[in-house]
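> Encoded as structure tokens, here's the structure I'll be asking about.
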Amino acid sequence: MNEESGLLRGTDTIVVLVLVVLRDGASHGYEIAREVERRSGDALSFKYGTLYPILHSLEKEGMITGEWEHPQGERRSRRVYSLTEQGLVETEKALKTWETFASAVNRVIQGVPREQAA
């Protein structure tokens, strides 16, 4: 299977979305989820049981780093994630893969009549 087929599974797509949001600056999990929702016009949303395992996996792979912060006036600490240099390189590669994948899907959706394809 090629890289594009992995995007069909969904998890790879979520990884791309997380990396792209973190490319624009450090964020904690809830901020990442809200930013994906905002950018997609509320068409996309994360279940937190999906997002956090992906964040942990990306951190383990060295694509992101996480640091605990305790914001002034808040009771709870939160983990803030940042993209690493390796993560930035992988983000750019993932975006190229995504563009190829999205273009192929659009060609299928738009279709070409069979008599024109031959």
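None of the figures in this text is laboratory data; all of them are computed from the coordinates on show. Here the structure is a predicted model, which means the values were calculated and not measured. Cβ placement follows ideal geometry from the backbone for every residue including glycine, while neighbour counts extend to all protein chains displayed.
> Could you give me the ³J(HN,Hα) list for the range 21-36, computed from phi with Karplus coefficients 6.51, -1.76, 1.60 and θ = phi - 60°, whole Hz, x at Gly and Pro?
5, 6, 4, 8, x, 5, 8, 8, x, 4, 4, 4, 4, 5, 5, 4
> Please get the size of the charge dipole for the chain, origin at its Cα centre, with Cβ charges of +1 on Lys and Arg and -1 on Asp and Glu, quoted in debye to the nearest 20.
Dipole about the Cα centre, nearest 20: 340 debye.
> Springs between alpha-carbon atoms under 10 Å, Gaussian network over the chain: tell me which of L83, L44, L19 tops the mean-square fluctuations.
Greatest mean-square fluctuation among the candidates belongs to L44.
> Can you put I54, I14, I109 in order of Cβ neighbours within 10 angstrom, beginning with the fewest?
Final ranking by Cβ density, sparse to dense: I109, I14, I54.
> Quick one: length gained pulling S82 to E67 fully straight, 0.36 nm per residue minus the C-alpha distance?
4.5 nm
> Could you give the radius of gyration (one decimal) and Dmax (whole number) of the Cα atoms in the chain, in Å?
Reported Rg and Dmax, both Å: 17.2, 67.
> Still on this structure: Amide H to amide H, which residues 5 or more places from I64 or on other chains are under 5 Å from it, using H placed in the peptide plane?
E59, T84
> Return V21, V105 ranked ascending by Cβ neighbour count within 10 Å, so the fewest neighbours appear first.
V105, V21
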